[in-house]
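Accompanying notes for the structure given below.
No lab work stands behind these numbers, since they all come straight from the coordinates. Computed from a predicted model, the values in this text were never measured in an experiment. Neighbour counts are summed over all protein chains in view; Cβ atoms, including those assigned to glycine, are modelled from backbone coordinates with ideal geometry.
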Amino acid sequence: MSSSNNINQSSIPYNGWSNYETWLGNLWITNDEYNYSILCEALRLDGDIYKKAEWLERYYHSQLDEVVSEYSLWQDLISRAFSLISWTEIVESNLD
């Protein structure tokens with residue numbers, strides 16, 4: 001069991017990313033063929049990075065709702081981690 005502390009873990013940079021959740025989201029999205037194709041679809045959208053990031057977040061949020069549909073501890077924990085992902089950072093880093 002980990003000890004509690006007063007540091008907000010979501011604000012601690014991780015591996016060059018704004019936080020662990022964003023790093024992990026990008027890792028999964030860019031290392032899986034299906035998820036990478038979804039990212040590429042978002043990157044091809046017209047509009048700025050915010051529109052692309054919003055589309056990507058909505059896409060994955062709909063999947064999250066399907067996978068964890070019942071109210072539970074797990075839904076709350078996963079939803080919290082999901083909400084910490086910086087979708088604009090993921091889009092920006094993959095524009096090249």
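Could you please give the count of residues in segment 61-96 that are assigned to a helix (DSSP H, G or I), within 11 Å of the chain's Cα centre (by Cα) and in contact (Cβ under 8 Å) with a residue 24 or more places away in the chain?
Number satisfying all stated conditions: 7.
Can you give me the number of residues within segment 22-38 that are of a type in the set (S, T, N, Q) and in contact (Cβ under 8 Å) with a residue 40 or more places away in the chain?
Adding up the residues that qualify gives 3.
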